[in-house]
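As structure tokens, the structure follows; a few thoughts come after it.
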Amino acid sequence: MKFVSFVRKGRATFGAVVDNGIIDLGGQLLGGVFNLREIIEKNLFGMAEQYVQTRGPELSLSDITLLPVIPDPSKILCIGLNYRKHIIETLRTDCDYPTVFTRFSDSQVAHGQPMMKPACSERFDYEGEMAVIIGKGGRNIAVNNALDHVAGYACYNDGSVRNFQRHTSQFTPGKNFPATGSFGPYLVTPDEVGDYRSLPIQTRLNDKVMQDASLSDLIFPVEELISYCSQFTPLSAGDVIVTGTPGGVGDRRDPPVYMFSGDVVEVEIGCLGTLINPIIDETIL
């Protein structure tokens, strides 16, 4: 199944995507579940599927305003340097362990909403990635059980302000400017995805292909990322792990390519859909 978070008539809710339409599930399951994070916490996917089977689409995308797939995750853990071609282009060497940094939930926007180039930078770069949404939480999760903890997958653009990212050895400042990340359009459940490793991933800027790879190219696969992250922090339902970007980032091209107002960036990952965002400039009042 596919699920979206959205605003309808001023109210935040969530729904299922069916036949190019949407069924609003807010308040329909157990009488009081109004967000996707809660359906994950309570493991109500089966109930949602039963409800959807008895109804047809009620809404179209034009009726709603999308939100990030999980608007307020308690954690967004991002992985750096997880494709070999990206390691090579950044002139780094392989790591023994995943490179992990954090992104804050208020730095991300939804599918269709503008990503914002900060006023203090001319080096706003794209990073197409796959996001993993945690279902069943836990600590010290074994690698061979890790996929049992996945609620779904989604597209992510880990937009990066490269000058701030490189002020120190820590990536976090360059990853958390307002409206620089994007998350959507929807969560796709594992049963619909199948083997995530078979998914192609492509990033396009103004219709030009900039990144083109496969999830099979991940150095640290999803299972290992979940297991590793769960060792140093408890993972909770709705937490997000963003799995890393392939080679082809704009900052490492010759000449470099960055995103500016008027551009349109797309991240497409197989059955996860296409995440599309226009770029605007930050306005300083």
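No value in this document is a laboratory result; all are computed from the given coordinates. Just so it is clear, the model here is predicted, and its values are computed rather than measured. When we count neighbours, we look across all protein chains shown, and the Cβ atoms used for this are built from the backbone with ideal geometry, even at glycine.
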Given Cα pairs under 8 Å that are at least 6 residues apart, what percent is the relative contact order of the chain? 24
Which order do PHE124, PHE6 fall in if you start with the one that has the fewest other Cβ atoms within 10 Å? PHE6, PHE124
Among LYS85, LYS9, what is the fewest-to-most ranking by other Cβ atoms within 10 Å? LYS9, LYS85
Cα-Cα longer than 29 Å, checked against LYS42/LYS75; LYS42/LYS117; LYS2/LYS75; LYS9/LYS136, kept in input order, equals LYS42/LYS117; LYS9/LYS136
Using only helices, what value at 222 nm comes out for the chain when you add -39,500 (n - 2.57) per DSSP H run of length 4 or more and divide by the total residues, to the nearest 500 deg cm²/dmol? -3500 deg cm²/dmol
Quote the Stokes-Einstein diffusion coefficient, in whole µm² s⁻¹, for segment 2-66, based on the Kirkwood radius over alpha carbon pairs, a temperature of 20 °C and a viscosity of 1.002 mPa s. 184
Kirkwood estimate for segment 1-131, i.e. one over the average of 1/r between Cα atoms, Å: 17.4
Take ASP212, ASP94 and order them by how many other Cβ atoms sit within 10 Å, fewest up front. ASP94, ASP212
So if I restrict to the alpha-carbon atoms in segment 151-285, what is the Rg, and what is Dmax, the biggest pairwise distance, in Å? 15.7, 48
Over 30 Å apart: what share of the alpha carbon pairs of the chain falls there, rounded to a whole percent? 26
Could you go through segment 157-164 in sequence order and give the Karplus-derived ³J(HN,Hα) for each residue, using 6.51 cos²θ - 1.76 cosθ + 1.60 with θ = phi - 60°, rounded to whole Hz, and x for Gly and Pro? 10, 8, x, 10, 9, 5, 5, 6
Cut-off under 5 Å, modelled amide H: who pairs with HIS111 long-range: PHE183
